Amino acid sequence: MTSPRVDPLRAEFEAIRTALGAARTPAERADIKRRLMAVFREADSRLQELGQLKDDVRALVEQWRQAVAPEPAEGGRMPVARPAIRQDRLGASTFIEKGWHLITLGDHAGAIAALQRALELAPRDAQAQGLLGWAQMLGGEYDEAMVTFARALEQDPENAMVRVNVGYICLKKRIF
């Protein structure tokens, strides 16, 4: 069961799926591509809104935790400090998936932004680093991609995709 906000998008998705099987001319295929991109953008926009709401809820939960936190004990012991940066693999996975989809759509700048957000949430995520480097490479940002790939290889030295892409950049930059 889907929500009332998703039903129109789902209906358009199903209509596109049906039209895809019947498309014969280049104009029909171009129309399907346009409609697909519109559905993707709308879904992505809604995901961003929900992501912002999720971040706002997290901030409110943190405010609540601080408001109900117990007072320090009489002995003067201070509460244990929390780390300033924490891994949020679940939140990062949303941005990793979004980055992957944007790479496949050819939106390298959008993919870079999404993957950088993923790395803010999970700084040591090798998958996010590898995809970010790939998006940078496809966008022609070879130097930035090499730095990103180096960080990815620190996390996962056996990552074949990263190794191949480093070789590709060396070839493009004529670094033999």
Please pick out the residue among Glu28, Glu42, Glu49 that is within 23 Å of the chain's Cα centre (by Cα) and farther than 18 Å from Thr104 by Cβ. Glu49
Of the residues Pro79, Pro83, only one is within 27 Å of Leu131 (Cβ to Cβ), outside the structural domain of Met137 (by TED's automatic domain parsing) and at pLDDT below 85; which? Pro83
If Gln129 satisfies all but one of (1) over 23 Å from Cys170 (Cβ atoms); (2) in contact with a Lys or Arg (Cβ under 6 Å, 6 or more places away or on another chain), what's the number of the condition it fails? (1)
Return the pairs, sorted by first residue and then second, in which the second residue is modelled with pLDDT of 85 or more, the first residue lies in the range 42-58 and is of a type in the set (Gly, Ala, Ser), the beta carbons are less than 7 Å apart, and the residues are 6+ apart or on different chains. Ala43/Leu9; Gly51/Thr94
Within the range 103-176, helices (runs of 4 or more DSSP H) holding 2 or more residues that are touching a residue at least 60 places away in the same chain (Cβ under 8 Å) and assigned by TED's automatic domain parsing to the domain that holds Lys33: none
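Select from the range 19-33 the residues that are exposed (fewer than 11 other Cβ atoms within 10 Å of the Cβ) and in a helix (DSSP H, G or I) and list them in ascending order. Break it down stepwise before answering.
Residues of the range 19-33 exposed (fewer than 11 other Cβ atoms within 10 Å of the Cβ): 21-22, 24-27.
The answer is Gly21, Ala22, Pro26, Ala27.
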Condition set part of a loop (DSSP other than H, G, I, E, B) and of a type outside the set (Val, Ile, Thr), scope the range 1-18, selection modelled with the lowest pLDDT: answer is Met1
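Can you confirm whether Trp100 is of a type in the set (Phe, Trp, Tyr) and buried (at least 24 other Cβ atoms within 10 Å of the Cβ)? Walk me through it before giving the result.
Working: of a type in the set (Phe, Trp, Tyr): yes; buried (at least 24 other Cβ atoms within 10 Å of the Cβ): no.
When the stated conditions are applied, Trp100 does not pass them.
Residue by residue, here is whether (1) assigned by TED's automatic domain parsing to the domain that holds Leu102; (2) hydrophobic (A, V, I, L, M, F, W, C); (3) more than 24 Å from Ala111 (Cβ to Cβ) holds:
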residue: Pro4; (1), (2), (3): no, no, yes
residue: Pro8; (1), (2), (3): no, no, yes
residue: Ala19; (1), (2), (3): no, yes, yes
residue: Ala22; (1), (2), (3): no, yes, yes
residue: Arg34; (1), (2), (3): no, no, no
residue: Ala38; (1), (2), (3): no, yes, no
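The values are calculated or read from the model by the stated rules, or taken from the named source; none is laboratory data. Everything numeric in this text was worked out from a predicted model, so none of it was measured. Ideal geometry is used to build each Cβ from the backbone, glycine not excepted, and the neighbour counts take in all protein chains shown.
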